[in-house]
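The values are calculated or read from the model by the stated rules, or taken from the named source; none is laboratory data. Values in this document were obtained by computation on a predicted structure and should not be read as measured data. Note: ideal-geometry Cβ built from the backbone for every residue, glycine included; neighbour counts use all protein chains shown. When the accessible area is computed, the model is the full protein with side chains, heavy atoms only, and any ligands, DNA or RNA have been set aside. Shrake-Rupley method; radii C 1.70, N 1.55, O 1.52, S 1.80 Å.
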Amino acid sequence: MATPFKRSALTLLAASLAASALFSTGAQAEGKISIAQQFGIGYLILDVVRDQNLIEKHGKEQGLDIKVDWNSISGATAMNEALLTGSLDVVSAGVPPMLTVWDRTKGKQNVKAIAALGSMPNYLLTNNPNIKTLKDFTDKDRIAVPAAGVGFQSRTLQIETAKEFGDAQYKKFDDISVSLPHPDATAALIAGGSEINSHFSSPPFQYQALQNPNVHKVLSSYDVLGGQATFNVLYTTEKFHDENPKTYKAFYDALAEAEKIIKADKPAAAQAYIRVEQSKLPLALVEQIVKDPEIDFTVVPQRTFIYAEKLQELGVLKNKADSWKDYFFEEAHGGAGS
């Protein structure tokens, strides 16, 4: 059975990182995996994996009793630090943060993506009635994002900013971006009256916010990427991939089965989300999100290479990828990815 879901405080995580760096020795034995996810329905595939104990199921098919350690962390920076110090085996974040750590570890830890977690739009929202387009933002506005300057939302905003204002100004809105977890940013946006008047959100939070008549959408990530595109991915080090082949296969097979479960019965998947996340959201709203035609819960990457190209052109990435397969482990190569 999986260990209970833990919403780990970042302060505790920081301490564990240091301890792990000091005491980590040798290769991890097969049959253990520590995984971290962030907040939101973008992690539904993982929620179903947990709810149905699918890693344990596929492990037993290979003769392994796999111990699964689940963690929750907000922000790509903390995710990447935990992965590179060995505190976690598998982490999750948007495509740009994964590409950043792939770029920086190439030839060293060789971090690559395991699988996509689904394609879904992220909306840039505001409660400022004067903001209709990016050109309407001023120095007085504040945009909440999970990881300012480096996360999925910030990198997506940078790509669109480069289109609108030129490559030299792609960081134009970094100075008015504030790092804040999605739940806190959503509460601030709905309540109003704080310095946070905008939020580059994600499901289910953007659906909640848009129920407030004072909140409206400025931009969708799909507008930036030209259509349906992967939001979150799972990634790990070459060391974990190579030294734990059975555990890795059990994990990948669990993800693939979770995709099939969601597509076969979306109302049941919505119930799993509420159970695992202990969400207070109405079931009807979660079902609406899971059934949204803009959203596809799939392990196959979609339009990730746009980020690889654009961020390399902007100088964010040093290494040039020839295709999406350069930064995904081979188990994912069988699908019609992009």
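Looking at (1) out of contact with any His (no Cβ under 8 Å at 6 or more places or on another chain); (2) surrounded by 23 or more Cβ atoms within 10 Å (Cβ to Cβ), can you tell me which one GLU331 breaks?
Of (1) out of contact with any His (no Cβ under 8 Å at 6 or more places or on another chain); (2) surrounded by 23 or more Cβ atoms within 10 Å (Cβ to Cβ), only one is false for GLU331: (2).
Looking at GLU257, GLU294, which one is within 26 Å of PRO204 (Cα to Cα), part of a helix (DSSP H, G or I) and acidic (Asp, Glu)?
Numbers: GLU294 fails: part of a helix (DSSP H, G or I).
So the residue among GLU257, GLU294 that is within 26 Å of PRO204 (Cα to Cα), part of a helix (DSSP H, G or I) and acidic (Asp, Glu) is GLU257.
Under the condition of being assigned to a loop (DSSP other than H, G, I, E, B), open to solvent by less than 90 Å² (accessible area, probe 1.4 Å) and among the charged types (D, E, K, R), which residue from the range 124-143 is farthest from SER154 (Cα to Cα)?
Among those that are assigned to a loop (DSSP other than H, G, I, E, B), open to solvent by less than 90 Å² (accessible area, probe 1.4 Å) and among the charged types (D, E, K, R), it is ASP141.
Go through (1) assigned to a loop (DSSP other than H, G, I, E, B); (2) touching an Asp or Glu at 6+ places or on another chain (Cβ under 8 Å) and name the single condition GLY107 misses.
(2)
Quick one: is LYS318 open to solvent by 30 Å² or more (accessible area, probe 1.4 Å), under 20 Å from LYS112 (Cα atoms), in a loop (DSSP other than H, G, I, E, B) and touching a residue at least 40 places away in the same chain (Cβ under 8 Å)? Working first, answer last.
Working: open to solvent by 30 Å² or more (accessible area, probe 1.4 Å): yes; under 20 Å from LYS112 (Cα atoms): yes; in a loop (DSSP other than H, G, I, E, B): yes; touching a residue at least 40 places away in the same chain (Cβ under 8 Å): yes.
Yes: the conditions hold for LYS318.
Taking the range 151-191 as the search range and keeping residues that are outside any helix (DSSP H, G or I) and under 22 Å from PRO203 (Cα atoms), which one is most open to solvent (accessible area, probe 1.4 Å)? Even if it seems obvious, please write down each step before you answer.
We begin by selecting, within the range 151-191, every residue outside any helix (DSSP H, G or I); these are 151, 166, 170-173, 177-181.
If we keep only those that are under 22 Å from PRO203 (Cα atoms) as well, we get 151, 177-181.
Values: GLY151: 4, SER177: 19, VAL178: 40, SER179: 69, LEU180: 43, PRO181: 39 Å².
In this case the residue turns out to be SER179.
On the given criteria, is ASN128 out of contact with any strand residue (DSSP E or B) (no Cβ under 6 Å at 6 or more places or on another chain), in contact (Cβ under 8 Å) with a residue 40 or more places away in the chain and on the phi > 0 side of the Ramachandran plot?
Numbers: out of contact with any strand residue (DSSP E or B) (no Cβ under 6 Å at 6 or more places or on another chain): yes; in contact (Cβ under 8 Å) with a residue 40 or more places away in the chain: yes; on the phi > 0 side of the Ramachandran plot: no.
The answer is no for ASN128.
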